[in-house]
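Structure, as structure tokens:
The values are calculated or read from the model by the stated rules, or taken from the named source; none is laboratory data. Bear in mind the structure is a predicted one, so any value in this text is a computation, not a measurement. Every residue, glycine as well, gets a Cβ built from its backbone with ideal geometry; the counts of neighbours run over all protein chains shown.
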Amino acid sequence: MVARYHVAHLSSGEMLRQACDAGTVLGLKVQQYMSSGELVPDAIIIEVIQERLEQPDCKKGYLLDGFPRTIAQAEVLDAMLSARKTPLNLVLELHVPDDELFGRLANRGRADDKPEVIRHRLDAYHQQTEPLLDYYRSKGLLKTIDGSGSVEDVFDRARLVLEPLA
């Protein structure tokens, strides 16, 4: 998607892993949350996202990946984007059954992808992130596609939703 639409990819997970790898004070805090499968606190992730949005490559647009994860984060994002006069165009949900997600996560090979951590992440998603679907649906921004299958299949489905915006 990033290559096709020439937008920056803002992966909250990747930004947080980079902070961990850098060994900064922030990175050490983030590592404690990530290794136990907990969501990183809003204040930390919002600071990371806000700083990233200021980078020049975000001027043409960006794809937020993994953020927001809670309604509180979504409300802060709304305020942040309103202040920048850059509202969201679309929220795309890639719907994948839990058993398929579990398999995908378990096969990534990351140190924090242990079965108990994955189960905890899925529980956290259902409790904290899933309510965002109604939040964005009520704003008319949510589009849902089937996220199962190959990367190419999912991209083809996403493209049908994204093309009218390009």
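Worth a mention:
- As for the range 54-64, it holds no residue that is touching a Pro at 6+ places or on another chain (Cβ under 7 Å) and surrounded by 15 or more Cβ atoms within 10 Å (Cβ to Cβ).
- Meets criteria (of a type in the set (A, V, I, L, M), on the phi < 0 side of the Ramachandran plot, surrounded by 13 or more Cβ atoms within 10 Å (Cβ to Cβ) and touching a helix residue (DSSP H, G or I) at 6+ places or on another chain (Cβ under 6 Å)) for residue 122: yes
- Restricting the range 54-75 to residues that are under 14 Å from the mean Cα position of the chain (by Cα) and closer than 17 Å to residue 2 by Cα, the residue that is modelled with the lowest pLDDT is 66.
- Qualifying residue in the range 19-31 (condition: surrounded by 15 or more Cβ atoms within 10 Å (Cβ to Cβ), more than 19 Å from residue 131 (Cβ to Cβ) and of a type in the set (Gly, Ala, Ser)): yes
- Qualifying residue in the range 70-83 (condition: among the charged types (D, E, K, R) and either in contact (Cβ under 8 Å) with a residue 40 or more places away in the chain or more than 21 Å from residue 130 (Cα to Cα) (or both)): no
- Test: residue in the range 42-51 that is over 14 Å from residue 129 (Cα atoms), of a type in the set (Val, Ile, Thr), assigned to a helix (DSSP H, G or I) and without any contact (Cβ under 8 Å) to a residue 24 or more places away in the chain: yes
- Selection from the range 17-53 of residues that are among the charged types (D, E, K, R) and over 18 Å from the mean Cα position of the chain (by Cα): 21, 29
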